[in-house]
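Shown next, in structure tokens, is the structure this report addresses.
The values are calculated or read from the model by the stated rules, or taken from the named source; none is laboratory data. Since the structure is predicted, the reported quantities are computational estimates derived from the model, not experimental observations. Using ideal geometry, Cβ is built from the backbone for each residue, glycine included, and neighbour counts are taken over all protein chains shown.
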Amino acid sequence: MTMDTNKNQQKEFSNIFPITSLVLPDHTLFEMLYDQDNRQTNFIKWKAGETEVAHSFKLEEDWKIVPYRPENPLLHQRIILFPTETQEYSDDETLIREIQSFIHRYVDVSETFELVAVYYVLLTWIYDTFNEIPYLRVRGDYGSGKTRFLQTVGSICYKPIFASGASTVAPLFHILDQVGGTLILDEGDFRFSDERADIAKILNNGNAKGFPVLRCEKINQREFAPRAYTIYGPKIVASRHDYDDFALESRFITEDVGLAGVRDDIPITLPIIFQHEAQELRNKLLLWRFHNFSRQRFPEAHVDPKIDKRISQIFAPLLSLVSDQDIRAKIARLARDKSDEIRSDRGFQKEADVLMAIRACLKDEPMTISAITQTFTKQSGFNYERQITPKWIGSVIRKKLRLRTRKKNGIYVLGENQKEKLKLLFKKYNL
């Protein structure tokens, strides 16, 4: 072997990229296939309605993509699930019925949330064509069916990534960045405060494109350098409680589970055929992704101006997938209920209590922070263990409600010309 030949082989090796999927600018799609029975991985290429299966594809003169090795623990331990091939389906309506039937056999949720889960599965397979997406969540105590929901719905999502209770959070950043796909997360199993903080970063930054998480990593054990992790993608979460952050809460479409008895026809344990059924649906859904990736959708057409803007924003991508008017109406009604719930919850915050005090003082001119504080203490002070002071009330007014204050004749007062802003705040906090 000559030195030149050796250099050429090294060059070719250095430009081999193991990946799980790729989208080219002309909407040529590459997706990884994994056959667990034969311990084999391949790529399937979709271009202009034609498919081609190969172990690798050469995209440029010195750039080759290859799938992950079958020995990778992410594959053979079923941490991430992939299709084995593309499988034909009759039409979209038939495929949707098959998905709903599969979920209904193994999970007991309300009719509307079952429909949400069906269309959320579809959404995961083309999530990368949207700029924002919602999260799906089941909330309840242990034994309420949360894990079964994650197993069932997660198994037919696009590249589902199952995070077990023994997982640490750090690997999730790497997996989401490199693999993408759908995070299936049992949030209640992460017990330590630092892990909860990292989960909050993933959830707070992962529902919209263009907001990677920056983390500092060490190079050569000496130099630190920032690394951006792309964590955008669909997420299905099981938890016991709400999040304290109202902004994070608003990203979820949630169902409370375990409030009634489970249907008698729900199997206690998943049968052997479950994995085969899920595999068939993943194969069909891969072909559905190919058919629908380039199709134009207009989520902005489904924004409802009568409800909370964030709620309307997260439901719009889901509604854009629904062609059945009755189903769309049911999901839109759920969005309105979610909006009402958010507005009602806002009414229990300290900001709402301060606004109630401001409203009671509207006739005063000027409206002093001291008077607002006295009114707040009379109306709501018994709900707070802390000392109620004008300084604290002024801080809530400025930093939380974003209202202006100013000093007049040595006394702090609410700034003028803020009546329109107050009207909007009263509406926002359901007052």
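Considering only residues in segment 302-328 that are within 26 Å of F246 (Cα to Cα) and aliphatic (A, V, I, L, M), the one that is farthest from the chain's Cα centre (by Cα) turns out to be I307. Among the residues of segment 273-294, the one identified as in a loop (DSSP other than H, G, I, E, B) and hydrophobic (A, V, I, L, M, F, W, C) is F293. The single residue among S339, S370, S380 that is assigned by TED's automatic domain parsing to the domain that holds L248, touching a helix residue (DSSP H, G or I) at 6+ places or on another chain (Cβ under 6 Å) and hydroxyl-bearing (S, T, Y) turns out to be S339. Looking only at residues of segment 1-20 that are of a type in the set (S, T, N, Q) and assigned to a loop (DSSP other than H, G, I, E, B), we find that the one that is modelled with the lowest pLDDT is T2. Could you check, for segment 393-415, whether at least one of its residues is among the small types (G, A, S), at pLDDT 90 or above, under 30 Å from I96 (Cα atoms) and under 36 Å from the mean Cα position of the chain (by Cα)? Within segment 393-415 (the criterion being among the small types (G, A, S), at pLDDT 90 or above, under 30 Å from I96 (Cα atoms) and under 36 Å from the mean Cα position of the chain (by Cα)), the answer is no, since none of the residues qualifies.
Restricting attention to segment 295-322, the residues being touching a Ser or Thr at 6+ places or on another chain (Cβ under 7 Å) and assigned to a loop (DSSP other than H, G, I, E, B) number 6. Close Cβ contacts (under 6 Å, 6 or more residues apart or on different chains) running from residues in segment 125-141 that are touching a residue at least 60 places away in the same chain (Cβ under 8 Å) to residues that are part of a strand (DSSP E or B) and small (G, A, S) comprise E132/A208; V138/A238; R139/S239. Can you tell me how many residues within segment 21-59 are of a type outside the set (D, E) and part of a loop (DSSP other than H, G, I, E, B)? Total meeting the criteria: 11. Among the residues of segment 65-84, not one is over 14 Å from Q178 (Cα atoms), more than 27 Å from the chain's Cα centre (by Cα) and surrounded by 16 or more Cβ atoms within 10 Å (Cβ to Cβ). Taken over segment 233-272, residues that are under 24 Å from the mean Cα position of the chain (by Cα), part of a loop (DSSP other than H, G, I, E, B) and either β-branched (V, I, T) or closer than 17 Å to F149 by Cβ (or both) amount to 5.
Test E85 against the criterion of being within 26 Å of I175 (Cβ to Cβ) and in contact (Cβ under 8 Å) with a residue 24 or more places away in the chain, and give yes or no. Yes. The set of residues in segment 220-278 being farther than 28 Å from L176 by Cβ and of a type in the set (S, T, N, Q) consists of T269 alone.
Scanning segment 66-85 for residues that are within 15 Å of F43 (Cα to Cα) and outside any strand (DSSP E or B) gives P67, Y68, R69, P70, L75, L81, F82, P83, T84, E85. Those helices (runs of 4 or more DSSP H) of segment 323-431 in which at least 1 residues are within 30 Å of L122 (Cβ to Cβ), considering only elements entirely within it, cover 325-346. Scanning segment 50-75 for residues that are among the basic types (K, R), farther than 21 Å from D26 by Cβ and free of Cβ contacts under 8 Å to residues at least 40 places away in the same chain yields a count of 0. In this structure, is R227 closer than 26 Å to Y68 by Cβ, modelled with pLDDT of 80 or more and out of contact with any helix residue (DSSP H, G or I) (no Cβ under 8 Å at 6 or more places or on another chain)? So R227 passes the test. Looking at this structure, is I393 free of Cβ contacts under 8 Å to residues at least 60 places away in the same chain and buried (at least 17 other Cβ atoms within 10 Å of the Cβ)? When the stated conditions are applied, I393 passes them.
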